[in-house]
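Please read the structure below before turning to the comments.
The values are calculated or read from the model by the stated rules, or taken from the named source; none is laboratory data. Owing to the predicted nature of the structure, the values given are computational and were not obtained by experimental measurement. When we count neighbours, we look across all protein chains shown, and the Cβ atoms used for this are built from the backbone with ideal geometry, even at glycine.
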Amino acid sequence: MHMKLTQEIEEAKKLIALYFGLKGNVSKLPGDVDLNYKFESDSSENFLFKISNSNNAEFEDFQNKILAHLREEKLAFETPKLYYFEQTKDNRFLRLQGWVSGRVWATINPKTIALRKDLGSKAGAISQALKSFTHPASNNKHDWDIANALWTLDHLDRFKGEEKNIISTFQNLFQGIQDSYAKLPKSVVHNDVNDYNILVSEDLLNPTVSGIIDFGDSVFTQTVNDLAILIAYAAMDVPDPLEAALDVIEGYNKSYRLSPKELNCLYILVGIRLVISVTKSSIRKEVDPSNEYHIISEQPAWELLKKWHLISSEFAYYSFRSVCDYNPHPKEEIFTEWVKNHTFSFTHLFPTQLKEEIYLLDLKVSSKWMGSRHEFNNLDLFEYKVNQLQKEHPTKLIANGYLEPRPIYTSTDFDKEGNDGPESRTVHLGIDFWLPSGTPVNSMFDGTVITANNEGGYKQYGGLIILQHHIDNMSFFTLYGHLSSESSQNLKIGDTIKKGDCIGYLGTPQENGNWSPHLHFQIMLSMLGNTKDFPGVTFPKQTEVWKSICPDPNLLFKNANLKTELDTPSDTILNFRKKHLGKGLSVSYKKALHIVRGDGVFLMDNEGQKYLDTVNNVAHVGHEHPKVVNAGQQQMAVLNTNTRYLHDSITAYSQALLKKLPPELCVLHFVNSGSEANELALRMARTITGQKEIMAIEVGYHGNTNAAIDVSSYKFDGKGGQGKPEHTHILPLPDPYRGRHAWETSGSKYASYAERHIEHLKIIDEKIAGFIGEPIISCGGQIVPPAGYFKEIYEYVRKEGGICIADEVQTGFGRVGSHFWAFEMHDVLPDIVTMGKPAGNGHPLAVVACTREVADAFANGMEYFNTFGGNPVSCAIGNAVLDIIDTEELQRNALEVGEFLKAELKKLQIEFPIIGDVRGAGLFLGFELVDNNKNPLPLHATYLANRMKQKHILMSTDGPEHNVLKIKPPLVFSHENASTLIVRLTQVFKEDYMNHY
């Protein structure tokens, strides 16, 4: 085989020299029919050399003229330029074309939404440019022309089972549209815009389509065929091919305006193009099993074909229309106009409810009425609250607004894998009316029963009835869900219903999944082929399509206040922040998140999309933990005041906290934040010693008060900082990986800098007041100092009468797993320990714990009083946090999950050398991105954090070079959460940008 390839390349060189007078290097390229080579001339110019055996001079001229025509069109991207064309004596055709540079589409990772839209736009530009091109050889018919796809009927028996059924389905669909398809606009098309003919720019952050090549399969046929072929390749290897197709179509339509008739055929054309592909592959495997290029797309084509088959052709058509700026459902405007001339009252629907006003129940994601997941899943509580609302508003119907994004759909049945990560169905497509069980429900129109069952998605949610209506040449459907089981049993499919007929009664909670009794009412202009069920909730991305299929029921009732009051738009909030909030207040990520709800390890945006939170260590025991919320609510309802009065709350919390501390740390001072805790600790050190000099660690961060900033190298050495203050002495970052002394046993070496500072102070007749340091340096990049580091520093400091302060604001309360406090990892006992963030699970609560000696020395007659520190509400919350850590064994969880996660990260490190170091303890971890010479890669870290956000995982960067990804999630972070994180990290680490540094 090697000998044959060598001979083939030598032959190509001879032909190039003989016919074009050029010499250089030749390498073989894949090809379907033509022989293709890359030719690098001696003058270092690159060309594409093609040898065609078509024996058809007119067809070869056709190809040449296409290239010339496209060059004249001056497209905004590259197409091949023809330099030489010759016919050999043995009737082979030689073509030397300009080399179009770029990366092959098939190799690009990720293929982003923007890139797919750009591909569509540029392929559409070719279609638009070729509308005016004609040539007598353009009618050259061949098997790859979709218009000729029925040749595949002769090969149907090659396939069996599911595959045969899928192929047969698309063949039948294609046969069924022949009349309308034949009338679609025609032109010369590329006919093979596949993933090896699309070239992408070298820009890895913002890639664009740089060129489209190989017009050897061009043919005169229906123009929309080219789009179908493009989709058949662009939608491969993605979880949601319809979403990918929409990206391409949206871009294509901007360059070539698609008609509704073309869009109506498009779903079938994509399917039949894939049928051609898999049929060809099957044939070619028999004829030439050694030619990999012939079958290179067989497996992904089959995978896409199977997914495409599961998509509703009708829904696909409406989606296509939507991205092309047509009303998604063709009859939406007709229905809207029809309904303007008809008015209905709520008594038409509920004859026993003489109410015409609505009280709008807020169940959207940010609803405070609904409370936490634990509250709205308490079905007795939910029903009680609804009943109380009804008592407060006896003359109104309790109902929910249309298109309300809700957090209540927590089952995995409502989730799917999108092309960028997980997505949740959250947008409600109907209206819920909350009324007593047994309430009669009438039909508002004459109609026919088409669904009456307790099966499908409603099998646990009572009876479902769907009626079809034909009125004034208008056809539509109404859905009535959550009826009693008996209601659907009393009706049969095909039954005629008159306006005002009772069709059923609201079911009991037991019939409705234990939900409070209510009617789900929905209008549909199409059933999308469903017979037993119909979606009542959709994905936010699909809202525009679904609201056209399922029009607003408010159109019937007119001004009934059924419109959901949605949250303030994200752009409005962002613009307000920019104008009226401090410029130093930044937002995370390139595209800011609009977060409205927290739940355990998740944050949720205003559309109900969940984000796995690996960053917010403030929510120590989980976002909005019900016991924490309840403790605060209960105490707040009784008393909240300062500590000048006696109250059990502060003593109960103090007793619980002291049990977690070494007995020497037996005196507590309560404040409101970690910054305030460190401010007090520094004041204590200076007051006790009478000195001003403080030692701290490089890139340390201890808060935003003046004293805290003064010892925070992360701030004063950073942007906007004014440099090290006079009385601050900074020790080098004790980084055993990339620091001054990069070895594991460098603890003594790093600690020796403390001794140097102390000796220098003696020279100027000054002494140290104290040392402050985090046991694991957070902003420094989750650095765990080498063994012995803190022990030696504490000895140096205490020898000179200084105070040792351990900043546990981020590392305390069991986060490191092996110990409750991170300083215990280093076998040291601080004089003062500061706590914050996790203490109140987000509530403003912080603590300063110190020895009796420190406390007594600080009590010099100047009273320390804090208005809010130690208030009953804060202490109740703090006590709840400690209780949860113990009862839910969260310290053990931090240890076990942290060890698992760290081990998995180290496995990734082997696979992806860009991960230079993995470090930390428990659920306080970090990994550093570096090149082969350990140079930091901050842009890669930023890219990773933003891509992970797109995959619905929140991560953040840290470290002096901002090249460290920190992982410090709520302690309820599970093995499953950790596995999800690893899967998503693996996906991003495989992307092109992450592999170029």
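Provide a single number: the residues in segment 475-487 that are at pLDDT below 90 and either closer than 28 Å to H342 by Cα or under 38 Å from the mean Cα position of the chain (by Cα) (or both).
Restricting attention to segment 475-487, the residues satisfying the condition of being at pLDDT below 90 are 485-487.
From what's left, either closer than 28 Å to H342 by Cα or under 38 Å from the mean Cα position of the chain (by Cα) (or both): 487.
So the answer is 1.
Which ones in segment 844-857 are in a helix (DSSP H, G or I), surrounded by fewer than 20 Cβ atoms within 10 Å (Cβ to Cβ) and either among the basic types (K, R) or touching a residue at least 60 places away in the same chain (Cβ under 8 Å) (or both)? If you could, list the steps in order and put the result at the bottom.
Step one: list which residues in segment 844-857 are in a helix (DSSP H, G or I), which gives 852-857.
Those still in the list that are surrounded by fewer than 20 Cβ atoms within 10 Å (Cβ to Cβ) too: 852-853, 855-857.
Selection gives R852, A855, A857.
Condition check ((1) touching a strand residue (DSSP E or B) at 6+ places or on another chain (Cβ under 9 Å); (2) closer than 24 Å to G600 by Cα) across all residues:
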position: A857; (1), (2): no, no
position: S874; (1), (2): yes, yes
position: N893; (1), (2): no, yes
position: K902; (1), (2): yes, yes
position: Q909; (1), (2): yes, no
position: E928; (1), (2): yes, no
position: N933; (1), (2): no, no
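Only one residue in K131, K141, K81, K89 is surrounded by fewer than 20 Cβ atoms within 10 Å (Cβ to Cβ), touching a Gly at 6+ places or on another chain (Cβ under 6 Å) and not polar (S, T, N, Q). Which one?
K81
Inside segment 403-416, can you point out the residues that are closer than 23 Å to P436 by Cβ and either loosely packed, with under 14 Cβ neighbours inside 10 Å or in contact with a His (Cβ under 9 Å, 6 or more places away or on another chain) (or both)? Full working, then the answer.
Of the residues in segment 403-416, the ones closer than 23 Å to P436 by Cβ are 404, 406, 408.
Correct list: E404, R406.
Conditions: (1) free of Cβ contacts under 8 Å to residues at least 24 places away in the same chain; (2) within 30 Å of S570 (Cα to Cα); (3) not polar (S, T, N, Q). H620 meets all but one. Number of the miss?
In the conditions (1) free of Cβ contacts under 8 Å to residues at least 24 places away in the same chain; (2) within 30 Å of S570 (Cα to Cα); (3) not polar (S, T, N, Q), H620 misses (1) alone.
Looking at the structure I just gave you, is N25 at pLDDT below 90 and outside any helix (DSSP H, G or I)?
Details: at pLDDT below 90: no; outside any helix (DSSP H, G or I): yes.
Spelling it out, it is not the case that N25 is at pLDDT below 90 and outside any helix (DSSP H, G or I).
Kindly establish whether T347 is part of a helix (DSSP H, G or I) and among the polar types (S, T, N, Q). Walk me through it before giving the result.
Values: part of a helix (DSSP H, G or I): yes; among the polar types (S, T, N, Q): yes.
Criteria met by T347.
Just to verify a result, which residue in segment 183-200, among those that are in a loop (DSSP other than H, G, I, E, B) and among the hydrophobic types (A, V, I, L, M, F, W, C), is surrounded by the most Cβ atoms within 10 Å (Cβ to Cβ)? Before you say what the answer is, go through the steps one by one.
As a first pass, look at segment 183-200 and keep what is in a loop (DSSP other than H, G, I, E, B): 183-185, 190-197.
Next, from what is left, pick out any that are among the hydrophobic types (A, V, I, L, M, F, W, C): 184, 193.
Details: L184: 19, V193: 27.
Looking at the filtered set, the residue picked out is V193.
Quickly run through segment 827-843 and pick out the residues that are touching a strand residue (DSSP E or B) at 6+ places or on another chain (Cβ under 9 Å) and either crowded, with 20+ Cβ neighbours inside 10 Å or free of Cβ contacts under 8 Å to residues at least 24 places away in the same chain (or both).
To start, the set of residues in segment 827-843 that are touching a strand residue (DSSP E or B) at 6+ places or on another chain (Cβ under 9 Å) comprises 828-837, 839-842.
Matches in segment 827-843: P830, D831, I832, V833, T834, M835, G836, K837, A839, G840, N841, G842.
Restricting to segment 660-695, name every residue that is within 40 Å of the chain's Cα centre (by Cα) and either more than 28 Å from V881 (Cβ to Cβ) or part of a loop (DSSP other than H, G, I, E, B) (or both).
Start the filter on segment 660-695 by keeping residues that are within 40 Å of the chain's Cα centre (by Cα), which leaves 660, 670-679.
If the condition is that a residue be within 40 Å of the chain's Cα centre (by Cα) and either more than 28 Å from V881 (Cβ to Cβ) or part of a loop (DSSP other than H, G, I, E, B) (or both), then K660, N672, S673 are the ones that fit.
Give the residues of segment 514-549 that are within 22 Å of I398 (Cα to Cα) and surrounded by fewer than 18 Cβ atoms within 10 Å (Cβ to Cβ), sorted by residue number.
Result: N514, single match.
Out of (1) of a type in the set (V, I, T); (2) under 20 Å from E417 (Cα atoms); (3) assigned to a helix (DSSP H, G or I), what's the single condition that is false for I272?
Going through the list (1) of a type in the set (V, I, T); (2) under 20 Å from E417 (Cα atoms); (3) assigned to a helix (DSSP H, G or I), I272 breaks only (2).
Find the residue count for segment 320-344, including only residues that are crowded, with 20+ Cβ neighbours inside 10 Å and part of a loop (DSSP other than H, G, I, E, B).
The number of residues fulfilling the criteria is 3.
Residues of segment 745-797 being assigned to a loop (DSSP other than H, G, I, E, B) and surrounded by fewer than 16 Cβ atoms within 10 Å (Cβ to Cβ), which ones?
Quick first cut of segment 745-797, residues assigned to a loop (DSSP other than H, G, I, E, B) only: 745-746, 764-767, 774-776, 778-782, 784-788.
Passing the criteria: T745, I764, D765, E766, K767.
Across segment 92-131, what is the number of residues that are in contact with a Ser or Thr (Cβ under 9 Å, 6 or more places away or on another chain) and not in a helix (DSSP H, G or I)?
9
Is it the case that segment 197-216 has a residue that's closer than 16 Å to Q128 by Cα and at pLDDT below 95?
Scanning segment 197-216, I find at least one residue that is closer than 16 Å to Q128 by Cα and at pLDDT below 95, so the answer is yes.
From K968, K990, grab the single residue that is surrounded by fewer than 21 Cβ atoms within 10 Å (Cβ to Cβ), among the charged types (D, E, K, R), under 30 Å from A742 (Cα atoms) and modelled with pLDDT of 95 or more.
Details: K968 fails: surrounded by fewer than 21 Cβ atoms within 10 Å (Cβ to Cβ).
Step by step, each of K968, K990 is checked, and only K990 is surrounded by fewer than 21 Cβ atoms within 10 Å (Cβ to Cβ), among the charged types (D, E, K, R), under 30 Å from A742 (Cα atoms) and modelled with pLDDT of 95 or more.
Go through (1) within 14 Å of I212 (Cα to Cα); (2) under 34 Å from the mean Cα position of the chain (by Cα) and name the single condition K111 misses.
The number of the failed condition is (1).
Would you pick out the residues in segment 11-53 that are surrounded by fewer than 12 Cβ atoms within 10 Å (Cβ to Cβ), charged (D, E, K, R) and either free of Cβ contacts under 8 Å to residues at least 12 places away in the same chain or on the phi > 0 side of the Ramachandran plot (or both)?
Within segment 11-53, just K14 meets the criteria.
Can you pull out every residue in segment 702-727 that is outside any loop (DSSP other than H, G, I, E, B) and touching a strand residue (DSSP E or B) at 6+ places or on another chain (Cβ under 6 Å)? Give the steps one after another, and end with the answer.
Just the residues of segment 702-727 that are outside any loop (DSSP other than H, G, I, E, B), to begin with: 706-710, 713-716.
Result: D710, S713.
Can you tell me which residue in segment 962-996 is farthest from F820 (Cα to Cα), limited to those that are small (G, A, S) and assigned to a helix (DSSP H, G or I)?
As a first pass, look at segment 962-996 and keep what is small (G, A, S): 974, 978-979.
Now narrow it down to the ones that are assigned to a helix (DSSP H, G or I): 978-979.
Working: A978: 21, S979: 25 Å.
Taking the candidates together, the pick is S979.
Of the residues D432, D420, which single one is assigned to a strand (DSSP E or B), of a type outside the set (A, V, I, L, M, F, W, C) and touching a residue at least 24 places away in the same chain (Cβ under 8 Å)? Step through it out loud before you land on a result.
Details: D420 fails: assigned to a strand (DSSP E or B).
Exactly one residue qualifies, and that residue is D432.
Which one is modelled with the lowest pLDDT, of the residues in segment 397-420 that are of a type in the set (S, T, Y) and over 20 Å from E544 (Cβ atoms)? Before you say what the answer is, go through the steps one by one.
Within segment 397-420, the first condition is being of a type in the set (S, T, Y), and the residues that meet it are 402, 409-412.
Add one more test, that the residue is over 20 Å from E544 (Cβ atoms), and what stays is 410-412.
Working: T410: 80, S411: 83, T412: 85.
Filtering segment 397-420 for residues that are of a type in the set (S, T, Y) and over 20 Å from E544 (Cβ atoms), the one modelled with the lowest pLDDT comes out as T410.
Within segment 916-951, track down each residue that is among the β-branched types (V, I, T) and surrounded by fewer than 20 Cβ atoms within 10 Å (Cβ to Cβ).
The initial filter retains those residues of segment 916-951 that are among the β-branched types (V, I, T), namely 918, 930, 942.
Within segment 916-951, just T942 meets the criteria.
Within segment 286-306, is there a residue that is under 19 Å from E163 (Cα atoms) and β-branched (V, I, T)? I'd like the intermediate steps shown before the answer.
Residues of segment 286-306 under 19 Å from E163 (Cα atoms): 286, 295-306.
Those left that are additionally β-branched (V, I, T): 295-296.
Yes, that holds for at least one residue.
With respect to L227, determine if the residue is in contact (Cβ under 8 Å) with a residue 12 or more places away in the chain, farther than 26 Å from L115 by Cβ, of a type outside the set (V, I, T) and outside any loop (DSSP other than H, G, I, E, B). Walk me through it before giving the result.
Values: in contact (Cβ under 8 Å) with a residue 12 or more places away in the chain: yes; farther than 26 Å from L115 by Cβ: no; of a type outside the set (V, I, T): yes; outside any loop (DSSP other than H, G, I, E, B): yes.
No; evaluated as a whole, the condition is false for this residue.
Tell me which residues, restricted to segment 915-925, are under 19 Å from E896 (Cβ atoms) and part of a strand (DSSP E or B).
Correct list: V918, R919, G920, A921, F924, L925.
Could you tell me whether any residue of segment 937-957 is part of a strand (DSSP E or B) and over 27 Å from R892 (Cα atoms)?
First pass over segment 937-957, keeping only residues part of a strand (DSSP E or B): 953-954, 956-957.
Okay, now just the ones that are also over 27 Å from R892 (Cα atoms), so none.
Checking segment 937-957: not a single residue is part of a strand (DSSP E or B) and over 27 Å from R892 (Cα atoms).
So in segment 870-912, with the set limited to residues that are in a helix (DSSP H, G or I) and of a type in the set (D, E), which one is nearest to N642 (Cα to Cα)?
Pass one, segment 870-912, residues in a helix (DSSP H, G or I): 872-887, 890-911.
Of the ones still in play, those that are also of a type in the set (D, E) are 883, 886, 896, 899, 904, 911.
Details: D883: 23, D886: 28, E896: 40, E899: 42, E904: 48, E911: 56 Å.
It comes out as D883.
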